[in-house]
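K.L.:
Before we start, here is the structure in question, set down as structure tokens.
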Amino acid sequence: MAATASPAPGPPPAAPRSKPWYQQLYLWVLTAIGCGILTGWLRPGLGVALEPVGVTFVSAIKMLITPIVFLTIVAGIGGVDTLRRVGRVGLKSLVYFQAGTLAALAVGLIAVNLFRPGAGVHAHPGELHLSGHAAQYVKDGEGQSWWHFLTDIVPSSAVGAFAEGNILQVIFVAVLFGIAVKALGPTGVPVVDGINRLSAVVFKILHYIMLAAPVGAFGAMAFTIGTYGMSTLTSLGSLVGLFYGTSLFFVVVVLGGVLALLRINIFRLLRYLREEFLVGLGTSSSESVLPRVMVKLEGLGVRRDIVGLTVPTGYAFNLDGSSIYLSLAAVYIAQATDTPLTIGQQLGLLAVMILTSKGSGGVTGAGFIALAATLSTVGTVPAAGIMLIFGVDKFMSECRALTNLAGNSVATLVVARWEHALDTAHVNRVLHTGTPEPDQDHKARSATRRPSSRQPSMNGSNVPSPQKRQT
């Protein structure tokens, strides 16, 4: 009688060896940011001339965002056992996003009323004249309705969504495509397998582009300081300082409290994502690190379908930093122009901001457009007051990007826990070592999906899968 015996256990795999400190990406990016600040401060003309360096790097990253979002969502949906799980993850994500947005808006509203940075400015609305980019942002904001994120979700063409880089529309196309592939059953399996292989190629391209992150961060920071100067930052230092302080409070206390309920340390998560935070700081864009954040969260053992649905959708619906900015900036303009706002009127502003803050991820001047749309809809605060903060908006965009990044990372972990798909012990182990490592159960499930006995490796070669030995 033949018996089946499992192979003898081999030695445990060696722990991945970390890079030397001088080869760490975050160190080079941090050094580049410091050099960019000094260049823009001491040589403003040179700093302004370096604008193409930062713009080119961000454009190279954004070039890959829409295909990565599409491929990740389709692969995630195609890999789930039932489509019901996809709907459940999406619904839970939207519920959390709404709660997170409301909390961020409320924190900003409380902070600006408590510290009143606009008191004493006494700017007359009639003397404020819109010009340049600010005038265009206000015009765009006045032309937007509060329900624009619903009507804009369907692209005029499938190709147009990718060409324009509209993340929300790409998500819509990807979800439809993924559901269709899953509904095909066995016929759709080769499609999902091809999507996974194509994803490996795109992420390899991303790896090459990220090698230029220090150069991109240097150019972007030098341009910002060279264009706006340190004097612009200090002239409205109270507003900028309050925004940074409020955002820090939100991340450490509010988001940290949420993670504490999951028995995860917020500071370890921030350390784990330090490279992404530094790149976002240097480029003033949270979208520039969206692909790497998805990789890092999968490295914590979070299921691909949860990462693929929650992170890209969060960049359209869960902009915590932008929400804090909206409530703080709107009330600051009211204080600076001596426009009285009752508690009821401020709550009305908050209600409108819940809608105007959605769906603007990846749009140039999105914060200003959403702010203008809010002020135009409510009508109690003069929209021309935007000129009061236009000069320092660039300095606040870095903080918006970092807070948005932290909020979406926490949201993904919360949704994974809500789905009973988060191994807290595994997450804490990865956060402690700082090395991304997919969950063993997740890797085992992925391996069982391949019917062939020979599985392709990442470099394209075929290696035989282990077989059970007969005795």
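The values are calculated or read from the model by the stated rules, or taken from the named source; none is laboratory data. A quick note: this is a predicted structure, and the numbers were derived from the prediction, not measured. Glycine also receives a Cβ, built like all others from the backbone with ideal geometry; neighbour counts cover every protein chain displayed. The accessibility values were calculated without ligands, DNA or RNA, using every heavy atom of the protein model including side chains. Shrake-Rupley method; radii C 1.70, N 1.55, O 1.52, S 1.80 Å.
K.L.:
Would you work out what percent of the accessible area of the stretch 303-405, with all protein chains in place, is carbon or sulfur (probe 1.4 Å)? Write out the running numbers ahead of the final one.
P.N.:
Values: 1550 of 2370 Å².
That share works out to 65 percent.
K.L.:
To check my understanding: the extent here is largest minus smallest coordinate of the Cα atoms along each principal axis. What are those three numbers for the stretch 196-282, in Å, largest first?
P.N.:
Ordered largest first, the stretch 196-282 gives principal extents of 52, 41, 17 Å.
K.L.:
Quick check for you: with a 1.4 Å probe and neighbouring chains kept, what is the accessible area per residue of the stretch 371-428, in Å²? Working shown, then result.
P.N.:
Numbers: 1430 Å² over 58 residues.
I get 25 Å² per residue for the stretch 371-428.
K.L.:
Okay, next question. Going by average Cβ neighbours within 10 Å, how do the peptides 295-304, 68-77 rank, with the highest at the top? The partial results should precede the final answer.
P.N.:
Values: 295-304: 22.8, 68-77: 25.1.
Going by the mean number of other Cβ atoms within 10 Å, highest first, we get 68-77, 295-304.
K.L.:
Using 0.36 nm per residue of separation minus the Cα-Cα distance, give me the extension gain between Ile343 and Arg116 in nm, one decimal.
P.N.:
On the way: separation 227, 0.36 × 227 = 81.72 nm, distance 1.45 nm.
Length gained between Ile343 and Arg116: 80.3 nm.
K.L.:
Karplus couplings for the stretch 169-176 from phi (6.51 cos²θ - 1.76 cosθ + 1.60, θ = phi - 60°), rounded to Hz, Gly and Pro as x?
P.N.:
For the stretch 169-176, the Karplus curve yields 5, 5, 4, 4, 5, 5, 5, 4 Hz.
K.L.:
Whole Å is fine, so just give me how far the alpha carbon centre of the stretch 188-217 lies from that of the stretch 19-89.
P.N.:
13
K.L.:
Among 169-180, 399-410, what's the highest-first ranking by average C-beta atoms within 10 angstrom per residue? List each step's numbers first, then the result.
P.N.:
On the way: 169-180: 20.6, 399-410: 26.5.
Ranked from most to least packed, the peptides come out as 399-410, 169-180.
K.L.:
What list of ³J(HN,Hα) couplings, whole Hz, do you get for the stretch 237-252 from phi and the Karplus terms 6.51, -1.76, 1.60, once you set θ to phi - 60° and write x for glycine and proline?
P.N.:
x, 5, 5, 5, x, 5, 5, 5, x, 5, 5, 5, 4, 4, 5, 6
K.L.:
Same structure again: Please give the Cα centre distance for the stretch 276-353 versus the stretch 247-265, rounded to the nearest Å.
P.N.:
Result: 16 Å between the Cα centres.
K.L.:
Another question about this same structure. Please turn the phi angles of the stretch 211-217 into ³J(HN,Hα) values with the Karplus equation 6.51 cos²θ - 1.76 cosθ + 1.60 (θ = phi - 60°), one per residue in order, whole Hz, x for glycine and proline.
P.N.:
Ordered by residue, 3J(HN,Hα) equals 5, 8, 4, x, 5, x, 5 Hz.
K.L.:
Spin-label point model (7 Å from Cα, Cβ direction): what's the Arg84 to Ile153 distance in nm?
P.N.:
Each label point is offset 7 Å from its Cα along the Cβ direction, giving 2.3 nm.
K.L.:
Also, quick follow-up: Can you bin the stretch 202-348 into rounded, prolate or oblate? Criterion: square roots of the alpha carbon gyration tensor eigenvalues sorted a ≥ b ≥ c, rounded for a/c under 1.5, prolate for a/b above b/c, oblate for the rest. Write down the numbers at each step before the final one.
P.N.:
On the way: a/c = 2.21, a/b = 1.34, b/c = 1.65.
Oblate, because a/c is 1.5 or more while a/b does not exceed b/c.
K.L.:
Moving on to the next point. Could you check the simple spin-label distance between Thr227 and Ala49, using points 7 Å along Cα→Cβ, in nm with one decimal?
P.N.:
Rounded to a tenth, the inter-label distance reads 1.8 nm.
K.L.:
Hey, another quick one. Using the reciprocal of the averaged 1/r over all distinct C-alpha pairs, how large is the Kirkwood radius of the stretch 296-404 in Å? Intermediate results must be reported in sequence, preceding the final value.
P.N.:
Working: mean 1/r = 0.0670 Å⁻¹.
Hydrodynamic radius (Kirkwood, Cα pairs) of the stretch 296-404 is 14.9 Å.
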